[in-house]
1. Where in the stretch 44-119 are there strands (runs of 3 or more DSSP E), lying wholly inside it, with at least 1 residues that are closer than 21 Å to Thr168 by Cβ?
2. Of Arg62, Arg31, which residue is more than 22 Å from Thr165 (Cα to Cα) and among the basic types (Lys, Arg)?
3. Would you call Leu131 part of a strand (DSSP E or B), touching a residue at least 24 places away in the same chain (Cβ under 8 Å) and either surrounded by fewer than 17 Cβ atoms within 10 Å (Cβ to Cβ) or not charged (D, E, K, R) (or both)?
4. List the pairs whose first member sits in the stretch 10-25 and is of a type in the set (Val, Ile, Thr), whose second member is open to solvent by 60 Å² or more (accessible area, probe 1.4 Å), and whose Cβ atoms are under 9 Å apart, counting only residues at least 6 apart or on separate chains?
5. May I ask you to say which residue of Gln55, Gln89 is more than 15 Å from the chain's Cα centre (by Cα) and open to solvent by 20 Å² or more (accessible area, probe 1.4 Å)?
6. Considering each of Tyr156, Tyr147 in turn, give the residue that is free of Cβ contacts under 8 Å to residues at least 40 places away in the same chain and under 21 Å from Arg31 (Cα atoms).
7. Against the condition on the phi < 0 side of the Ramachandran plot and modelled with pLDDT under 95, how does Glu137 come out, does it pass?
8. I want to confirm something. Restricting to the stretch 1-38 and keeping residues that are open to solvent by less than 50 Å² (accessible area, probe 1.4 Å) and under 16 Å from Arg56 (Cα atoms), which single residue is farthest from the chain's Cα centre (by Cα)?
Amino acid sequence: MTPAHSVRALPSHAITGELVRLGALLIDCVRAGASIGFLDPLSAADAESFWARIQRAVAAERAVLFVGEIEQGEIAGTVVLDIDTLPNQPHRATVSKLLVHTAARRQGLGEALMRELERTALHAGRWLLTLDTATGEAERLYTRLGYSAAGTIPDYALNPDSTLTPTTFFYKRLGERR
């Protein structure tokens, strides 16, 4: 049986109190090999600094940070909806930092985070979502959720161990154009 989990948008004022936990989650995912923009080892200070930047984006209404909990109060996952687009892209948003702690994987939390992100995006008039990933597990999740691969760029980024990795770009139309 899959454990119950909850997903919610974390307001900017609440992020401050969660910087240490969010940083630990980021470090766990990087240590496990996630190619999410950071190299291993990732310091707690650098991880918390990243989340402080996300906090500023949330405060400026340029992003929405979703957190997922398996047990009450324990953040085990995140995903960011980046709505900071140019004037000719009011219908589009970017998905980033879908992270699930290694101890909480394969319990449906990543899917729950993405479903809540999609509901929020559609409600905000963002009916076209884009994202990129460098891992097969994530690709399988996105495909299962209805995302289409637009293409793969070889040697796009570095893995946490500094080896080059290809990255696949995906998109999903959430509904009809408005």
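1. Working: elements: 63-69, 75-82, 92-100.
Qualifying strands (runs of 3 or more DSSP E): 75-82, 92-100.
2. On inspection, the qualifying residue turns out to be Arg62.
3. In short, yes.
4. Taking only residues 6 or more apart or on different chains, the pairs are Ile15/Ala59.
5. Values: Gln55 fails: more than 15 Å from the chain's Cα centre (by Cα).
One residue alone meets the criteria, Gln89.
6. The unique qualifying residue is Tyr156.
7. Values: on the phi < 0 side of the Ramachandran plot: yes; modelled with pLDDT under 95: yes.
Answer is yes for this residue.
8. Ala14
The values are calculated or read from the model by the stated rules, or taken from the named source; none is laboratory data. Please read all numbers here as calculations on a predicted model, not as lab measurements. Backbone-built Cβ (ideal geometry, glycine too); neighbour counts: all protein chains shown. Heads up: the accessible areas ignore ligands, DNA and RNA and are worked out on the full protein's heavy atoms, side chains in. Shrake-Rupley method; radii C 1.70, N 1.55, O 1.52, S 1.80 Å.
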